[in-house]
Amino acid sequence: MKIREDFLPLSRPSIGEEEINRVVACLKSGWITTGPLCQEFEEKFRRLTGAKYAVSVSSATAGMHLALLALGISAGDEVITPSMTFASTINMITLLGARPVFVDIDYGTLNINAVLIEEKITGRTKALIPVHFAGAPADMDKIGDIARKHDLVVIEDAAHAAGTYYKGVPAGGFGSMAIFSFHPLKNITSGEGGMITHNDDELEKHLRSFRFHGIERDAWKRYGKGGNPDYDINIPGFKYNLPDMQAALGLAQLARLSEFNSRRAELVAIYRERLAGLSGLELPGSPVYAHDHAWHLFIVKVLAMSRERLMEKLSDYNIGYGLHFPACHRLSYVKKRFGSKNGELPETERAAGRILSLPLFPGMEKEDVHYVCEALREIFVS
Ligand SMILES: Cc1ncc(COP(=O)(O)O)c(C=O)c1O
């Protein structure tokens, strides 16, 4: 086959006229940091999830930090999470002095295996952090039952899950906390950014205050006409607010979420059809329960050659790829600090050595998917 001249990336954000117009309007408005557009973004996102509150933040990592902090997670506590997640979660748990306790995954979906959670619960366990991996929901009924039985908080890592539904319930709509990401690779972007959704009046106060230095009133209210610029701080906080400039982009993207996710599903259907039966490559598994997949990522497992070799070959064809994720319990500092061992999480390790994310983004043409599939056939058959 003829090699394409331009590089096909793993992902590319879809930025149209509406996104540009909204950002430009914000730039011209005289107020570009956190203000009314953030408020509108929070309200629209809150409605998407059905949660009582939505708090915008500068990234999902910041959101996770604030959530753990607001829940009082600290030294000596344990937090249950899959090792197959982005390292930011493990970093935040560790930086608060707590301990990540890893649960194995389902090899097919890469989601936490809920059946294995209970055996990891101890008197020190405070929270469970399932990940809706690649846009496929974790088994929230089972996870909710376990959390209620052991009086644990659930924080959904919904970084991949804007528009994911589990048995008709949206990610973020399970009555617990959820963290979304708007990094440029994600299903919708605000450049960088994130959202915490939750239902707790007390947490709401803490999250908003921790988000901005510990100051309880929003800056745009303090600096508005007749505002009082004075403030007090009861507990020191961080600088994790989302600027309106970015909320403007997020709002335009949120309006297109269904369009984007339908397109992703359409492209995935082509991948599935064209790659079916190609030995040497395993396609992503599907959760057994009813769900709507947000298809943040299309992750295959490489069987018939080393992943490094396949990455080299894909580069020869001008095709990009990603790795989501190196298993966290095998990261150097995690091994050193928490003594995690090889062989501890067999399904995670089996998957971790094989996974590779293929290009998937709404602006991708069907022909681009055909091209990737044809290249893979050539690579594996020759
Ligand atoms: C599963 C998961 N959790 C959390 C994050 C952190 O998101 P952010 O980059 O917005 O901090 C990511 C980002 O890649 C992720 O994939």
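The values are calculated or read from the model by the stated rules, or taken from the named source; none is laboratory data. None of the values given here were measured: they were computed from a predicted structure. Here Cβ is always computed from backbone atoms with ideal geometry, including for glycine, and neighbour counts include all displayed protein chains.
Would you mind listing the helices (runs of 4 or more DSSP H) fully within segment 307-382 where at least 2 residues are under 25 Å from LYS186 (Cα atoms)? Spell out the reasoning first.
Working: elements: 307-316, 332-338, 346-352, 366-381.
Per the criteria, 307-316, 346-352, 366-381.
Of all the residues that make up segment 301-316, how many are touching a residue at least 12 places away in the same chain (Cβ under 8 Å) and closer than 13 Å to PRO359 by Cα? Break it down into steps so the answer makes sense when it comes.
Residues of segment 301-316 touching a residue at least 12 places away in the same chain (Cβ under 8 Å): 301-305, 307, 310-311, 313-314, 316.
Subset that is closer than 13 Å to PRO359 by Cα: 311, 314.
Counting residues in segment 301-316 that are touching a residue at least 12 places away in the same chain (Cβ under 8 Å) and closer than 13 Å to PRO359 by Cα gives 2.
Scan segment 296-329 for residues that are surrounded by fewer than 17 Cβ atoms within 10 Å (Cβ to Cβ) and within 16 Å of the ligand (Cβ to nearest atom) and jot them down.
LEU323, PRO326
Quick check on segment 131-168: of everything there that is assigned to a helix (DSSP H, G or I), among the hydrophobic types (A, V, I, L, M, F, W, C) and closer than 16 Å to PRO287 by Cβ, which residue is nearest to the ligand (Cβ to nearest atom)? Before you say what the answer is, go through the steps one by one.
So the first thing to find is which residues in segment 131-168 are assigned to a helix (DSSP H, G or I), and the list is 133-135, 140-150.
Then drop every residue that is not among the hydrophobic types (A, V, I, L, M, F, W, C), which leaves 133-134, 140, 143, 146-147.
Adding the requirement that they be closer than 16 Å to PRO287 by Cβ leaves 133-134, 140, 143.
On the way: PHE133: 7, ALA134: 9, MET140: 16, ILE143: 16 Å.
That would be PHE133.
Please note which helices (runs of 4 or more DSSP H) are completely contained in segment 169-281 and include at least 3 residues that are away from the ligand (no atom under 16 Å from the Cβ) and crowded, with 17+ Cβ neighbours inside 10 Å. Full working, then the answer.
Working: elements: 201-211, 219-222, 244-254, 257-275.
Counting at least 3 such residues, we get 201-211, 244-254, 257-275.
Taking segment 151-183 as the region of interest, how many residues are within 12 Å of the chain's Cα centre (by Cα) and either among the polar types (S, T, N, Q) or in the same structural domain as PHE298 (by TED's automatic domain parsing) (or both)?
2
So, LEU345, is that one buried (at least 19 other Cβ atoms within 10 Å of the Cβ), farther than 19 Å from PRO284 by Cα and of a type outside the set (Val, Ile, Thr) or not? Don't jump to the end; show me each part of the working.
Details: buried (at least 19 other Cβ atoms within 10 Å of the Cβ): yes; farther than 19 Å from PRO284 by Cα: yes; of a type outside the set (Val, Ile, Thr): yes.
It is true that LEU345 is buried (at least 19 other Cβ atoms within 10 Å of the Cβ), farther than 19 Å from PRO284 by Cα and of a type outside the set (Val, Ile, Thr).
Can you tell me which residue among THR81, THR94 is within 25 Å of LEU356 (Cα to Cα) and within 15 Å of the ligand (Cβ to nearest atom)? Show your work before the answer.
Working: THR94 fails: within 25 Å of LEU356 (Cα to Cα).
One residue alone meets the criteria, THR81.
Quick one: is VAL115 in the same structural domain as THR81 (by TED's automatic domain parsing), over 17 Å from GLY63 (Cβ atoms), more than 16 Å from the chain's Cα centre (by Cα) and within 16 Å of the ligand (Cβ to nearest atom)?
Numbers: in the same structural domain as THR81 (by TED's automatic domain parsing): yes; over 17 Å from GLY63 (Cβ atoms): yes; more than 16 Å from the chain's Cα centre (by Cα): yes; within 16 Å of the ligand (Cβ to nearest atom): no.
Taking the combined requirement at face value, the residue does not satisfy it.
Determine whether THR122 is touching a Phe, Trp or Tyr at 6+ places or on another chain (Cβ under 7 Å), away from the ligand (no atom under 12 Å from the Cβ) and not in a helix (DSSP H, G or I). Please lay out each step first, then the result.
Working: touching a Phe, Trp or Tyr at 6+ places or on another chain (Cβ under 7 Å): no; away from the ligand (no atom under 12 Å from the Cβ): yes; not in a helix (DSSP H, G or I): yes.
Considered against the rule, which asks whether it is touching a Phe, Trp or Tyr at 6+ places or on another chain (Cβ under 7 Å), away from the ligand (no atom under 12 Å from the Cβ) and not in a helix (DSSP H, G or I), THR122 comes out as no.
Which one of these does GLY35 not meet: (1) touching a Cys at 6+ places or on another chain (Cβ under 8 Å); (2) of a type in the set (Gly, Ala, Ser); (3) over 30 Å from GLU282 (Cβ atoms)?
(1)
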